[in-house]
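See structure below.
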Amino acid sequence: MAQRTKAWTDHQVEIFIGNLLRIGVITSALLVFLGGLVYLLRHGFALPDFKSFRGEPEELCHVGGIIKYAFSLHPRGLIQLGLLLLIATPVARVVFSIFAFLRQRDKMYVIVTSIVLLILCYSLFGSR
């Protein structure tokens, strides 16, 4: 006889989502703080040059470059990785919600949450 998996309760889902959001935001804040601290230690006494504008390096405009810079403890890479994590946290919440609703067999919420995920993905990746 096949054993059915027990559906998650709403309380269990809320606890997990709360922890997911909390851990994501705290980790993001720590990365941004660490990047800012490293930046100040390395460049804190440098005088700014307001005569010319220099944007972000090309490597920090892509996820791969951000991760590479962050793991080499480059301050801008750490800050950018923290911001990426901050953006990814609510997206992870929506993805988890889809799996939770699937497990609870709540088709209407699976459809609505999937639409929300599609809108999030379009706004992040497809609006160029």
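The values are calculated or read from the model by the stated rules, or taken from the named source; none is laboratory data. Here the structure is a predicted model, which is why all the values come from computation and not from measurement. Cβ atoms come from the backbone with ideal geometry, glycine included; neighbour counts cover every protein chain shown.
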Only one residue in L21, L73, L40 is in contact (Cβ under 8 Å) with a residue 24 or more places away in the chain, over 27 Å from S123 (Cβ atoms), surrounded by fewer than 16 Cβ atoms within 10 Å (Cβ to Cβ) and not basic (K, R). Which one?
L73
The stretch 60-70, residues that are surrounded by fewer than 16 Cβ atoms within 10 Å (Cβ to Cβ) and either in contact (Cβ under 8 Å) with a residue 12 or more places away in the chain or part of a loop (DSSP other than H, G, I, E, B) (or both)
H62, V63, I67
Enumerate the pairs (first residue in the stretch 100-128 and outside any helix (DSSP H, G or I); second residue anywhere and of a type in the set (F, W, Y)) with beta-carbon separation below 8 Å, excluding pairs fewer than 6 apart on the same chain, so at least 6 apart or on different chains.
Q104/W8
So in the stretch 86-108, with the set limited to residues that are buried (at least 19 other Cβ atoms within 10 Å of the Cβ) and of a type in the set (A, V, I, L, M, F, W, C), which one is farthest from the chain's Cα centre (by Cα)?
F101
Of the residues F33, F45, only one is more than 17 Å from L86 (Cα to Cα) and exposed (fewer than 14 other Cβ atoms within 10 Å of the Cβ); which?
F45
Considering only the stretch 71-99, how many residues are of a type in the set (A, V, I, L, M, F, W, C) and not in a helix (DSSP H, G or I)?
1
Does F16 satisfy the criteria of being over 21 Å from F125 (Cβ atoms) and either polar (S, T, N, Q) or in contact (Cβ under 8 Å) with a residue 60 or more places away in the chain (or both)?
yes
Qualifying position, being on the phi < 0 side of the Ramachandran plot and at pLDDT 95 or above, among I87, I66, I115, I119
I115
